[in-house]
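The values are calculated or read from the model by the stated rules, or taken from the named source; none is laboratory data. Please read these numbers as outputs of a predicted model, since none were measured by experiment. Reconstructed Cβ throughout: ideal geometry from the backbone, glycine too, with neighbour counts over all protein chains shown.
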Amino acid sequence: MTADLGTVGQTGSASYGDGTFTLAGSGADIEGAADAFRFAYQMAGGACELRARVMSVQNSDPWAKAGVMIRESPVAGARNAALFITPGNGVEFQWRTSTGGTTSSTVVGSVSPPPGG
């Protein structure tokens, strides 16, 4: 399933095959009190495990993000925790602990994204 939060700009796409999600999208950002981005998602209940391997991230902006996120719901200001790789700023762990609250983050800048973006 795919969803849009807020104004995402260009139309994107998502597909799944042979164990791989491929997502093309756009958006203003994933941060602040409300997110605006395109994403693919699967519903989960209770305890779950996420494993991801980012194969590439396009260098459309130094803060463009590719990675995984757990969200309370698909609404723009939902509580969430995410781990992203960016083309210009390394790896970012970010979280929002209350619905509509501020997003906090920690960045490790010495990590480069995979080639091919």
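Each row is one residue, and each column tells you yes or no for (1) exposed (fewer than 13 other Cβ atoms within 10 Å of the Cβ); (2) in a strand (DSSP E or B).
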residue	(1), (2)
MET43	yes, no
ALA52	yes, no
SER56	no, no
ILE70	no, yes
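Residues considered: ARG96, ARG79. Of these, the only one that is out of contact with any helix residue (DSSP H, G or I) (no Cβ under 6 Å at 6 or more places or on another chain), closer than 22 Å to PRO62 by Cβ and charged (D, E, K, R) is ARG96. All conditions in (1) exposed (fewer than 13 other Cβ atoms within 10 Å of the Cβ); (2) in a strand (DSSP E or B); (3) at pLDDT below 80 hold for ALA3, with the sole exception of (1).
Does ALA82 qualify as being buried (at least 18 other Cβ atoms within 10 Å of the Cβ) and either out of contact with any Cys (no Cβ under 8 Å at 6 or more places or on another chain) or of a type in the set (A, V, I, L, M) (or both)? Steps first, please.
Details: buried (at least 18 other Cβ atoms within 10 Å of the Cβ): yes; either out of contact with any Cys (no Cβ under 8 Å at 6 or more places or on another chain) or of a type in the set (A, V, I, L, M) (or both): yes.
For ALA82, the condition - buried (at least 18 other Cβ atoms within 10 Å of the Cβ) and either out of contact with any Cys (no Cβ under 8 Å at 6 or more places or on another chain) or of a type in the set (A, V, I, L, M) (or both) - is met.
Of all the residues in region 69-94, those that are touching a Ser or Thr at 6+ places or on another chain (Cβ under 6 Å) and of a type in the set (Phe, Trp, Tyr) number 1. When every residue of region 93-110 is checked against the conditions, at least one turns out to be of a type in the set (Val, Ile, Thr), surrounded by 16 or more Cβ atoms within 10 Å (Cβ to Cβ), in contact (Cβ under 8 Å) with a residue 12 or more places away in the chain and over 20 Å from ARG53 (Cβ atoms). Just a yes or no: is a residue in region 87-105 assigned to a strand (DSSP E or B), aliphatic (A, V, I, L, M) and closer than 24 Å to GLY19 by Cα? Yes, region 87-105 has at least one match.
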